Amino acid sequence: MEVKFTLSSDNGGYYLDEPVFATFKDFERSPRMPVEKSAEYAQKTTDYLSWFVRYAEAVLKGKIFLDETIVEQLFVTRKLTQTEFKQFLRCYQFVAKDYVTYLLKQINKDSIPRYQHAISELNVDLEWLIVHIERLIRRKVDKVYLLSGRRADLSPTDIYSAARELFFIEETVKTEELYLRDLKPVVMFQIRQILEIFGKDLLGYHDIEDAVGNPVKKFSQIAWKFIAYECRKTDSRISLPFKVSSISKINAWANSFVHTTYIYSSVIQYFALKYIAVIFNGSGKSIKTYDGKLKSKLDISDIKIENYNALKSDFENFLDSGKVFVVNWMHPDRTGAYIISL
């Protein structure tokens, strides 16, 4: 499947000029789509996204990436080598096809006004992806420049505006009145909170204090570090139905947004939300715990811990040798895991 590029007379570089992309982009330029043109906008969006799915299938040629491989390739916060970047592009395209396929089921003439911000942001990311696939993977074109772009991070003003919009959301008459470009990246912060609290619950503690009773903030991410450390052992006392390395990778990725406000694409945010569901998806079957009772937890996956008291002691030693910290432990029945033995 060939993609059309046109040579610019201005700078000697090429730009993406695929007809369905160009038609969509010309129509999409208006900041607010008139209601009477919703049907036309929905059709042009559907045409463009459907073309992208066919394009992705032509490039991927049936290649399927496992979730753990996708996490390993997409959720990297350091600079990639060229080889790593090419693998990143392949995984990115695989997930983008999945996300676009999902969106195609949601978009119609009635819903398209609500999706305008999301589609506009996605268009920037898809153009970027197509250009890089064609240049680095398929080697169809060399010097290329982009026709669209967006600022890569949120400014304090952006965050303040988003906070106000969210707090006063009752004053919004229609969803399309919200400026979702600033608001939706909050998802990354929420993912970070989900994993931080889930890790504490998994091990079964409320918080960690210093010798005089003050909360120790530097240990906000310590739970998953210890869980990863424990799970590397051949005789690990923690049994997980998912790969701890994948959760740790997404956790580090979400933390990078908190500290930098760098906006990762909606494609990657979509996959992060989809993947972390694994920590909540239990089998629904009852499991016998330390007290001989059969229990079933509805909001966690089938995580099991054995020799719990020894594990707690090792966690306390793991914190910081030579200093006194107090871990405020929960009752075993309240932990976010099945305690098999004490």
Please give the number of the condition Asp110 fails out of (1) acidic (Asp, Glu); (2) under 21 Å from the mean Cα position of the chain (by Cα); (3) not in a helix (DSSP H, G or I).
(2)
For the range 117-140, which residues satisfy the criterion of being in contact (Cβ under 8 Å) with a residue 12 or more places away in the chain and of a type in the set (Lys, Arg)?
Arg138, Lys140
Those residues of the range 313-333 which are polar (S, T, N, Q) and under 14 Å from Lys200 (Cβ atoms) amount to Asn328
In this structure, is Lys200 assigned by the TED database to the domain that holds His331, over 23 Å from the mean Cα position of the chain (by Cα) and among the charged types (D, E, K, R)?
no
Restricting to the range 291-342, name every residue that is in a helix (DSSP H, G or I) and either of a type in the set (A, V, I, L, M, F, W, C) or touching a residue at least 60 places away in the same chain (Cβ under 8 Å) (or both).
Tyr308, Ala310, Leu311, Lys312, Asp314, Phe315, Phe318, Leu319, Pro332, Arg334
If you check Val35, Val53, Val76, Val59, which single one turns out to be over 23 Å from the mean Cα position of the chain (by Cα) and either modelled with pLDDT of 95 or more or farther than 17 Å from Gln116 by Cα (or both)?
Val59
Does the range 208-216 include one or more residues that are surrounded by fewer than 19 Cβ atoms within 10 Å (Cβ to Cβ) and within 24 Å of the chain's Cα centre (by Cα)?
no
Picking from Ile159, Ile191, Ile169, Ile137, which residue would you name as being more than 30 Å from Val59 (Cα to Cα) and at pLDDT 85 or above?
Ile191
Give just the number: which of (1) among the β-branched types (Val, Ile, Thr); (2) modelled with pLDDT under 85; (3) part of a loop (DSSP other than H, G, I, E, B) does Ile64 not satisfy?
(2)
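Would you point out which residue out of Gln93, Gln73 is open to solvent by 40 Å² or more (accessible area, probe 1.4 Å) and not in a loop (DSSP other than H, G, I, E, B)?
Every option except Gln73 fails the conditions.
When residues of the range 165-177 are filtered for being without any contact (Cβ under 8 Å) to a residue 24 or more places away in the chain and surrounded by fewer than 11 Cβ atoms within 10 Å (Cβ to Cβ), how many remain?
Total meeting the criteria: 5.
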When the residues of the range 251-309 are narrowed to those that are β-branched (Val, Ile, Thr) and crowded, with 19+ Cβ neighbours inside 10 Å, which ends up nearest to Asp235 (Cα to Cα)?
Ile305
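Do we have any residue at all in the range 210-224 that's of a type in the set (Asp, Glu) and at pLDDT 90 or above?
For the range 210-224, residues of a type in the set (Asp, Glu) and at pLDDT 90 or above: absent.
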Out of everything in the range 113-129 that is over 12 Å from Val100 (Cβ atoms) and of a type outside the set (Ser, Thr, Tyr), what residue ends up being most open to solvent (accessible area, probe 1.4 Å)?
Arg114
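The values are calculated or read from the model by the stated rules, or taken from the named source; none is laboratory data. Nothing here was measured: the structure is a model prediction, and the numbers come from that model. No Cβ is skipped: glycine too gets one built from the backbone with ideal geometry, and neighbour counts run over all protein chains shown. Remember, those area values only see protein heavy atoms, side chains included, never the ligands or the DNA or RNA. Shrake-Rupley method; radii C 1.70, N 1.55, O 1.52, S 1.80 Å.
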